[in-house]
Amino acid sequence: MKTMHKLFVGLISVLVITSCASTYSSLQPEVVSRADAQKQQYVVFGVVRDTNRVIIEGDREVGAVAGAAIGGKIGKEITDSEPEQDIATVLGAVVGASIGSEISANKREGIELLIETDTGSFVSIIQEIGSYSFFNGQKVRIIKRNGKSRVIPSE
């Protein structure tokens, strides 16, 4: 019976790790969070002056913390011996942190846009590549809300 319980805890833990890793907040300009829907946003107009392809790195820390917690729990459940539980908990946490960090390290293609605003100032915004194409001289809208900006073509 204890073996079945341990197997169940292990299976649930693996499912939690993989579901945490797949929780992804899009950085594409055409994807808007539900919290931003129907809320006023500040708009700035400008012209693209330069574009650069970039790689947006995933959030390894979140995966490592979740993996360590779950790995430690799995390690503790493996054995009934107290000294072995301590060792298994530490090993489980280390392995879980490593696996969680790698799972969360998804990299995405991004674009850095150097934009000259209508007021003459320059801003640089990095966002995930979406369905919009950008080129030098293109008129764009910078939509700002809660410290985040997204760029979409104005025409």
| Neighbour net charge for residue 109 - beta-carbon separation under 12 angstrom, K R +1, D E -1 | 0
| In the neighborhood of residue 54, defined by Cβ-to-Cβ distances under 11 Å, what is the net charge if each Lys or Arg adds +1 and each Asp or Glu adds -1? | -1
| task | Give, in nm to one decimal, the length gained when the segment between residue 109 and residue 57 is fully stretched (0.36 nm per residue of separation minus the Cα-Cα distance). | result | 17.8 nm
| Estimated distance in nm for a label pair at residue 94 and residue 40, the labels positioned 7 Å out from Cα along Cα-to-Cβ | 5.6 nm
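Rule-based calculations on the coordinates, nothing more; no lab input. Just so it is clear, the model here is predicted, and its values are computed rather than measured. A quick note on method: Cβ atoms are made from the backbone with ideal geometry, for glycine too, and the neighbour counts reach across all protein chains shown.
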